[in-house]
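The values are calculated or read from the model by the stated rules, or taken from the named source; none is laboratory data. It should be emphasised that the depicted structure is a prediction, and the values quoted were computed from it without experimental measurement. Please note: Cβ atoms are built from the backbone with ideal geometry, for glycine as well, and neighbour counts cover all protein chains shown.
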Amino acid sequence: MKRLIISGILLPVLCAHLMAQQGQTPVEQSNTNRFTFGVIGDVQVDNTVELGYAVRSLFTELQHPKPWSFALFMGDLVNDNTDLFPPMVNQLDRLPFPYRNVFGNHDRTIADNQPRTADFDQHFSTSTYAFTKGKTHFLVLNNIVPKGKYGYEGFYNEEQRRFVADELRSMPKDRLVIIAQHIPLMQTKNPEALTDLLQGRRVLMLSGHTHTVARYQHPLKDGFLHELVAGAACGSWWTGEKDVFGIPAALMSCGSPRNYFEVEVADTSFRLTFKGIGLDTGHQMHVWVAGHDTIDKQVADLDTVPGGTVLATIYAGFDQTAVWMQLDDEAPVRMNHVKRVAPLVARVAAFNKSNVYPTKHSTRLPLRSRPSNHVWQAQVPLNKKWHRIRIFAEDACGFKANGYYLNPAL
């Protein structure tokens, strides 16, 4: 078993002894601060059919060797169906690395006479805890406050604030702090209740919940707070056209495919790598060129785009990512960050509207033509012959990506 049930900072000797008694595996401790771990957004299975999708795609892929010290699951393992916790735990315990869980709003217990975290606590011990890896301190928070039987809001209550303050009191300010919570900071009602405690620190925040990939640089008076909203392993709730293996595409509204992230920590720095489930590691973006695919004649949002327009949907890019386009061996040119619908999303939305989708045995992928934060644009001269476009991107917050597009006319 690889389940990690912890509360408070890991004390290596005592914690290892207690976990060995319970058949659990603690994260290996080290004085160095170089390690890699996985970040996996909402798996959110609603029934045994969707659990099967997760097992045949996500969990099968995670069996392949990875340099991970552990994995963080960012909440919503299930979709208001806590009867699925036992088979889900069965899959988690068979992972080849330790794991930890964040409490999500759909991991809740619905029964009137029990706390919302009752079933989660039974299987994973607690929804608020801390641990260290090397010289990095992790704070796992529960920022979900119930509102009635089914409602909720993102909120840091006094218990959470006190927990964070106590944990940070003895933590040197030159150490990296990583905060994991389900609801992103911008969707939490009182973000300053947390950020006021983080002044002067270098912080990476991890979240889920939105079923989109996003990154934000949050202002601190004195310090650094970068947030990764990690997308979802279930994508858009296990919906959409099924592939040849019977797994729904579940493209997310930002234009990113179902995914997880790998985070490499080195001292107080980190590097973020997007990984599409079932896709090659190098697949970091979708590159589209106007007029090259005849199917786009059926998509108004794409058919009207001027010829020679190049759109790159960079799945983990954000507004501070610098993106360049290189045409063959020419000098690279800077691409412009634009707010527009990702081309793959535009296609799905158009085919939904014209009743091409869903086809038999698939379910409707509920995508609308909403602008994405991941699209960059450039122009290729219409009268110019070219063979290859290379797109490369990087930013100061630990992200690099490359992508290619070959001209089908040559």
Only one of ARG100, ARG116 is of a type outside the set (A, V, I, L, M), out of contact with any Gly (no Cβ under 9 Å at 6 or more places or on another chain) and either assigned to a loop (DSSP other than H, G, I, E, B) or over 20 Å from GLY208 (Cα atoms) (or both), namely ARG116
Just one listed residue, out of LEU228, LEU279, is under 25 Å from PRO65 (Cα atoms), surrounded by 22 or more Cβ atoms within 10 Å (Cβ to Cβ) and touching a strand residue (DSSP E or B) at 6+ places or on another chain (Cβ under 9 Å), and it is LEU228
All positions within region 390-410 that are part of a strand (DSSP E or B), loosely packed, with under 15 Cβ neighbours inside 10 Å and not charged (D, E, K, R):
ASN402, TYR404, LEU406
Only one of (1) among the small types (Gly, Ala, Ser); (2) at positive phi; (3) over 18 Å from the mean Cα position of the chain (by Cα); (4) crowded, with 19+ Cβ neighbours inside 10 Å is not met by SER127, so which one is it?
(2)
Would you confirm whether any residue within region 285-296 is over 26 Å from ARG364 (Cα atoms), touching a Lys or Arg at 6+ places or on another chain (Cβ under 8 Å) and either modelled with pLDDT under 95 or not assigned by TED's automatic domain parsing to the domain that holds ALA350 (or both)?
no
Members of region 272-321 that are closer than 13 Å to ARG347 by Cα and of a type in the set (Lys, Arg):
LYS297
Any residue in region 31-51 that's over 28 Å from GLY134 (Cβ atoms): show its pairings with residues that are acidic (Asp, Glu) and crowded, with 22+ Cβ neighbours inside 10 Å at Cβ separation under 8 Å, as long as the two are six or more apart or on different chains.
GLN44/ASP76
Could you please find all residues in region 315-337 being surrounded by 15 or more Cβ atoms within 10 Å (Cβ to Cβ), outside any strand (DSSP E or B) and of a type in the set (S, T, N, Q)?
THR321
Which ones in region 338-365 are part of a loop (DSSP other than H, G, I, E, B) and either farther than 24 Å from PHE318 by Cβ or touching a helix residue (DSSP H, G or I) at 6+ places or on another chain (Cβ under 7 Å) (or both)?
VAL341, SER354, ASN355, VAL356, TYR357, PRO358, THR359, LYS360, HIS361, SER362, ARG364, LEU365
Of those in region 97-119 that are more than 14 Å from VAL145 (Cα to Cα) and in contact (Cβ under 8 Å) with a residue 24 or more places away in the chain, the residue surrounded by the fewest Cβ atoms within 10 Å (Cβ to Cβ) is ASP112
Mind counting the residues in region 241-272 that are of a type outside the set (D, E, K, R), free of Cβ contacts under 8 Å to residues at least 60 places away in the same chain and surrounded by fewer than 23 Cβ atoms within 10 Å (Cβ to Cβ)?
2
Inside region 103-113, can you point out the residues that are in a loop (DSSP other than H, G, I, E, B) and touching a Phe, Trp or Tyr at 6+ places or on another chain (Cβ under 7 Å)?
PHE103
When (1) farther than 21 Å from PHE73 by Cβ; (2) in contact with a His (Cβ under 8 Å, 6 or more places away or on another chain) are applied to LYS189, the one that fails is (2)
For region 188-211, pairs from a residue that is free of Cβ contacts under 8 Å to residues at least 60 places away in the same chain and outside the structural domain of GLY154 (by TED's automatic domain parsing) to a residue that is buried (at least 19 other Cβ atoms within 10 Å of the Cβ) and of a type in the set (D, E, K, R), with Cβ under 9 Å and 6 or more apart or across chains, are none
Exactly one of HIS387, HIS374 is buried (at least 17 other Cβ atoms within 10 Å of the Cβ), in contact with a strand residue (DSSP E or B) (Cβ under 8 Å, 6 or more places away or on another chain) and at pLDDT 95 or above, and that residue is HIS374
